[in-house]
Amino acid sequence: MPGFSDTPTRHAQHGRYPEAASVEDFQRNLAAVQARIAAACHRVGRAPQTVRLLPVSKTKPEASLRLAHAAGCRMLGENKAQEAHGKWQAMEDLTDLQWSVIGHLQTNKAKLVARFAAEFQALDSLRVAEALERRLQAEGRSLDVFVQVNTSGEVSKYGLPPGDVPAFLQALPAFTALRVRGLMTLALFSSEAERVRQCFVRLRTLRDRLRQSAPAGMALDELSMGMSGDFEIAIEEGATVVRVGQAIFGARPLPDSHYWPGEADAGEAS
Ligand SMILES: *Cc1c(COP(=O)(O)O)cnc(C)c1O
């Protein structure tokens with residue numbers, strides 16, 4: 001489709017988003033991101049309501065999260081189980097606030113996630129599925145999950161290789177506390193928009209193919225892909241969830257390599 005294939009990444013803005021320090025700042029940033037979502041949807045003939053914005057609050061202090069909540073955010077994404085659990089405990093008074101854990105999980109942290117999270121987006125091993133299932137059963141809870149796929153081929157990235165996903169999905173119905181919603185990926189962190197786009201195309205194509213063979217009752221409706229620097233491209237390629245941190249909360253003080261261990265080269269690529 002002509003007209004959108006040259007949408008650039010915005011990785012150059014990383015580290016430049018001003019800190020959101022008031023409810024009004026958050027309202028303005030959320031409106032700006034929603035406008036960008038709507039514009040991207042418009043370019044490919046999608047309805048903006050088909051894209052869920054997940055604000056990502058990792059590294060930000062409780063006070064910022066409370067401002068985001070006051071501005072209307074009802075689900076927040078965090079990439080570390082321990083940090084998320086601590087924030088949940090500190091903000092239990094906000095009874096309508098839900099939590100999505102979007103980062104790699106070690107089995108020994110599964111019990112934390114099982115206690116409070118509504119959603120887990122980085123499922124990539126049966127060991128983690130088992131650990132979550134056991135803890136969720138103990139808590140009498142269930143969890144929406146996304147299977148994380150490595151679409152960039154980078155060894156540093158978490159997620160299953162695309163070829164391993166079909167067999168992985170076949171094993172998941174055994175875990176009755178996990179509700180599989182779809183797939184999640186992190187694209188190549190690069191200013192080369194075409195290579196970023198290919199990651200998103202890979203996830204969508206995989207999902208479309210898996211829909212034929214997925215276990216009964218597994219809908220695979222969701223594609224979680226795109227962040228502050230590339231969510232417009234992700235939407236053009238079918239994202240139903242975009243995970244946006246810095247464009248809403250403001251820049252993080254340290255480069256992404258600090259938060260995503262093993263991605264020390266990511267900055268150079270942009
Ligand atoms: C931090 C993070 C994001 C959001 O990145 P921003 O650049 O802050 O928009 C998205 N997905 C995952 C898995 C993350 O850890």
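Is it the case that Ser191 is closer than 25 Å to Ala81 by Cβ and of a type in the set (S, T, N, Q)?
Here the answer is no, as Ser191 does not meet what is asked.
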Subset of the range 54-68 (residues that are out of contact with any Asp or Glu (no Cβ under 8 Å at 6 or more places or on another chain), within 11 Å of the ligand (Cβ to nearest atom) and not in a loop (DSSP other than H, G, I, E, B))
Leu54, Pro55
What are the pairs with Cβ atoms under 7 angstrom where one residue, in the range 101-112, is away from the ligand (no atom under 16 Å from the Cβ) and the other, located anywhere, is open to solvent by less than 50 Å² (accessible area, probe 1.4 Å)? Sequence gap at least six, or different chains.
Thr107/Val128; Thr107/Ala131; Ala110/Val128; Ala110/Ala131; Ala110/Leu132; Leu112/Ala81; Leu112/His85
For the condition open to solvent by less than 70 Å² (accessible area, probe 1.4 Å) and aliphatic (A, V, I, L, M), what is the one hit in Ala177, Ala167, Ala138?
Ala177
Turns out the strands (runs of 3 or more DSSP E) fully within the range 69-158 with at least 2 residues that are closer than 23 Å to Thr205 by Cα are 119-123, 143-148
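The values are calculated or read from the model by the stated rules, or taken from the named source; none is laboratory data. This is a predicted model, so every value here is computed, not measured. Glycine gets a Cβ as well: all are built from the backbone with ideal geometry, and neighbour counts include every protein chain shown. Note: areas computed on protein heavy atoms with side chains; ligands, DNA, RNA excluded. Shrake-Rupley method; radii C 1.70, N 1.55, O 1.52, S 1.80 Å.
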